[in-house]
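Everything on this sheet refers to the single structure shown next.
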Amino acid sequence: MNTKYDVITDPADPRLAEIGALLNSGGVAAIPTETVYGLAANALDPKAVEKIFAAKGRPADNPLIVHICDMAQWAPLVQEIPPAAKKLAKAFWPGPLTVILKKTPLVPDIVSGGLDTVAVRMPSHPIARAILKACGVPLAAPSANRSGKPSPTDGPSVLADMDGRIDAIVDAGPCSVGVESTVVSLVGAAPRVLRPGGVTPDMLEAVLGPVEIDDAVLHRLADGQAAASPGMKYKHYAPEAQVVILKGDFAAYRAFVEAHRREGTVALCFEEEAALLGVPAVTYGRAEDSASQAQRLFDALREVDAKGAKRVFARFPAQSGMGLAVLNRLVRAAAFRVIDLAAPPVRVFGLTGKTGAGKSTVAEKLRQRGWYIIDTDVLARRVVEPGSPTLAALTDAFGQSILLPDGTLDRKALVRAAVTQPNGVQTLNAITHPAIDDLVEDALLDAAAQGYKNALIDAAALLESPTRRRCDAIIVVTASEGTRLRRIMARDGLSEPVARERMKMQKKDDYYLSAADVVINNEPPFDLDAQLNDLEERYETV
Ligand code: TXA
Ligand code: MG
């Protein structure tokens, strides 16, 4: 499909009549609004609305907002317009507010996502209003991004997501609000904000009295918990990079970014701060100015991808005015990862020991005690996935024979190649350990963002890997030779000679014991739980 792209800034431009006609006859066009660009189709024509879902890749249970240009278009869509709704319309329409009421059968099910309600808003953007007038029908219009991506706030961002997927794009320049409308439901006992936006809770309360803020605005829904607003349950607004929000003042933010910077780290900060940081920065508005932060946020999220960012450390938004709307978008872009820089840092323990000593048993028990467990075996498999730079470096060093026919790593062949090549084991470690360590750092950030007090890095090769420096204390698990032999034979189904061979390849006891801050003897009659109690007491981890 050929997507027509027009720059139109004059509401009297005759080309808007053509866009109106296109929409009236079942076409789909991206149009500017004061909040974000919308992907519009005739709301009363299910076939036209279907094209919106296809173009966005949007889940069918996520309902659309219906846009109108005058009050007369509202009444046929809803069963009743209660006094609270009239007050809201009078105060905030046209503008960035969406009101949910019970729908009439005129609204197709595909628009309401099967719900018995409909969300309606009257935009203020002159071009949007001109298009609504020209087409003469209400327009269903979600944000004009591919599902999951940041909403577009200018024409080129729409084009990047929608070129070839829709009939037309009208570019009227950047949006003034920058985040989507406030969504208020009036179908429950009290007015409830399902999505914060350009109209703040304070502004709503000035008109309506007390309003509720839905749980999902700032919190991740538990599995199986129903979303009042289906759009709130999906991962959303996310760039390709991993985003972590850092809550604290700028000095603490800068120190954290410095300590955790690596290739691909990008700061998402305020305008005044960019020059003060030692990493590439993308700015989203001015400090303490939430309207400017809202206006810039989505564009900034697209910019970090354009910079090739792998990890983004975002400043926590200002808390006045539209701050709730900004935070609501940003926590979703960050998959709810927020690190409170004022909280005590996560205590990091390394767990190591010889094969068969029972590291996994200890890790599992600490997991049950509420520790965050990082299993480096799992990470080691992740870093060598096909297409990864680590796998490419391994084949450069050891040749193509370490690959299976399907292109995945043949671990046995790799070990054989490493032990037969001079310095092969060092080469292997030099390639894999830093890559695993990067993932360990990601996991530690995740632990901090989830509010864990203790993290355990379970790593057989901890002492010779760069991950060792991350540990506040090292726990070594031991067991007698006989016990380890029995465990290895049972666990890996090995004969005694093979198991003994494997044990011989291990480092000596003293290698582990001299590095240990804590030794756990994992063998009867020693009581494992009592030793873990001592450990927790000693480090005050509970
Ligand atoms: O500012 C905006 O509202 C933009 C512009 C284009 O107008 N539109 C927009 O639409 O953000 P969309 O589809 O991206 O977001 C609509 C949100 C979703 O979270 C959806 O779940 C919710 O509103 N919603 C729509 N109808 C609803 C209903 N009947 N009940 C509950 N939530 C509803
Ligand atoms: Mg959207």
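Can you tell me which of Gly407, Gly358, Gly353 is in contact (Cβ under 8 Å) with a residue 24 or more places away in the chain, farther than 21 Å from His433 by Cβ and out of contact with any Cys (no Cβ under 9 Å at 6 or more places or on another chain)?
Gly358
When you go through (1) part of a strand (DSSP E or B); (2) under 29 Å from Val193 (Cα atoms); (3) out of contact with any Gly (no Cβ under 9 Å at 6 or more places or on another chain) one by one for Ala287, which number turns out not to apply?
(1)
Against the conditions (1) buried (at least 17 other Cβ atoms within 10 Å of the Cβ); (2) touching a strand residue (DSSP E or B) at 6+ places or on another chain (Cβ under 6 Å), where does Val519 fall short? Just the number, please.
Failed condition: (1).
Kindly list, by first and then second residue, each pair from a residue in region 46-74 that is under 16 Å from His236 (Cβ atoms) to a residue that is of a type in the set (D, E, K, R) and near ligand 1 (Cβ under 10 Å from one of its atoms), limited to pairs with Cβ atoms under 6 Å and residues at least 6 apart or on different chains.
Ile65/Arg121
So which pairs qualify, if the first residue must be in region 130-152 and within 9 Å of ligand 2 (Cβ to nearest atom), the second must be in a strand (DSSP E or B), the Cβ gap must be under 6 Å, and the two must be at least 6 apart or on different chains?
Every condition considered, the pairs that remain are Pro142/Leu39; Ala144/Ala30; Ala144/Gly38; Ala144/Leu39; Ser151/Ser143.
For region 160-177, how many residues are surrounded by 19 or more Cβ atoms within 10 Å (Cβ to Cβ) and more than 10 Å from ligand 1 (Cβ to nearest atom)?
Residues meeting the conditions: 9.
Only residues that are assigned to a loop (DSSP other than H, G, I, E, B), more than 10 Å from ligand 1 (Cβ to nearest atom), at pLDDT 95 or above and farther than 25 Å from Val107 by Cβ: list them for region 130-155, please.
Result: Thr153, Asp154.
Give the number of residues within region 330-365 that are out of contact with any strand residue (DSSP E or B) (no Cβ under 8 Å at 6 or more places or on another chain), surrounded by 16 or more Cβ atoms within 10 Å (Cβ to Cβ) and more than 30 Å from Arg486 (Cα to Cα).
Of the residues in that region, 1 qualify.
Output the qualifying pairs, or none if there are none: Cβ atoms under 7 angstrom, residues six or more apart or on different chains, first residue in region 363-380 and over 19 Å from Asn522 (Cα atoms), second residue of a type outside the set (D, E, K, R) and assigned to a loop (DSSP other than H, G, I, E, B).
Going by the 7 Å Cβ cut-off, the qualifying pairs are Tyr372/Tyr452; Thr376/Ala459.
Just the residues that are touching a Lys or Arg at 6+ places or on another chain (Cβ under 7 Å), surrounded by fewer than 18 Cβ atoms within 10 Å (Cβ to Cβ) and within 12 Å of Ala140 (Cα to Cα), please, taken from region 1-49.
Gly26
A quick yes/no check of all residues on (1) closer than 20 Å to Glu364 by Cα; (2) without any contact (Cβ under 8 Å) to a residue 40 or more places away in the chain:
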position: His433; (1), (2): no, yes
position: Ile436; (1), (2): no, no
position: Ala460; (1), (2): yes, no
position: Arg469; (1), (2): no, yes
position: Glu501; (1), (2): no, yes
position: Phe526; (1), (2): yes, yes
position: Ala530; (1), (2): yes, yes
position: Glu536; (1), (2): yes, no
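Being more than 11 Å from ligand 1 (Cβ to nearest atom), within 18 Å of the chain's Cα centre (by Cα) and over 25 Å from Ser124 (Cβ atoms) narrows it down to one of Ala216, Ala241, Ala189, Ala255, so name that one.
Matching residue, one of Ala216, Ala241, Ala189, Ala255: Ala241.
Do we find a residue being outside any loop (DSSP other than H, G, I, E, B), more than 16 Å from ligand 2 (Cβ to nearest atom) and surrounded by 19 or more Cβ atoms within 10 Å (Cβ to Cβ) anywhere in region 213-226?
No, every residue in region 213-226 fails to be outside any loop (DSSP other than H, G, I, E, B), more than 16 Å from ligand 2 (Cβ to nearest atom) and surrounded by 19 or more Cβ atoms within 10 Å (Cβ to Cβ).
Please go through region 382-398 and give me each residue that is closer than 14 Å to Leu428 by Cα and either in contact (Cβ under 8 Å) with a residue 12 or more places away in the chain or within 22 Å of the chain's Cα centre (by Cα) (or both), ordered by number.
The answer is Val383, Val384, Pro389, Thr390, Leu391, Ala393, Leu394, Ala397, Phe398.
Which numbered condition trips up Leu379, out of (1) closer than 27 Å to Val498 by Cα; (2) part of a loop (DSSP other than H, G, I, E, B); (3) under 27 Å from the mean Cα position of the chain (by Cα); (4) not basic (Lys, Arg)?
Just one mismatch for Leu379, condition (2).
Can you give me the number of residues within region 265-282 that are touching a residue at least 40 places away in the same chain (Cβ under 8 Å) and within 16 Å of Ala334 (Cα to Cα)?
Result for region 265-282: 5.
Which of (1) more than 9 Å from ligand 1 (Cβ to nearest atom); (2) within 27 Å of Asp167 (Cβ to Cβ); (3) crowded, with 19+ Cβ neighbours inside 10 Å is the odd one out, the single condition Phe92 does not satisfy?
(2)
Between Ile81, Ile68, which is β-branched (Val, Ile, Thr), surrounded by fewer than 19 Cβ atoms within 10 Å (Cβ to Cβ) and within 29 Å of Ala206 (Cβ to Cβ)?
The unique qualifying residue is Ile81.
Looking at region 138-148, can you tell me whether even one residue there is within 19 Å of Thr35 (Cβ to Cβ), among the small types (Gly, Ala, Ser), crowded, with 22+ Cβ neighbours inside 10 Å and touching a His at 6+ places or on another chain (Cβ under 9 Å)?
Yes; the residues of region 138-148 include at least one that is within 19 Å of Thr35 (Cβ to Cβ), among the small types (Gly, Ala, Ser), crowded, with 22+ Cβ neighbours inside 10 Å and touching a His at 6+ places or on another chain (Cβ under 9 Å).
Tally the residues that are within 13 Å of ligand 1 (Cβ to nearest atom) and in contact with a Pro (Cβ under 7 Å, 6 or more places away or on another chain), restricting the search to region 105-128.
13
Among the listed residues Ala281, Ala251, identify the single one that is of a type in the set (Gly, Ala, Ser) and surrounded by 20 or more Cβ atoms within 10 Å (Cβ to Cβ).
Among Ala281, Ala251, only Ala281 is of a type in the set (Gly, Ala, Ser) and surrounded by 20 or more Cβ atoms within 10 Å (Cβ to Cβ).
Just one of Ile127, Ile169 is part of a strand (DSSP E or B), closer than 22 Å to Leu44 by Cα, away from ligand 2 (no atom under 16 Å from the Cβ) and touching a residue at least 60 places away in the same chain (Cβ under 8 Å); which is it?
Ile169
The values are calculated or read from the model by the stated rules, or taken from the named source; none is laboratory data. If you're wondering where the values come from, they're calculated on a predicted model, not measured in any experiment. Using ideal geometry, Cβ is built from the backbone for each residue, glycine included, and neighbour counts are taken over all protein chains shown.
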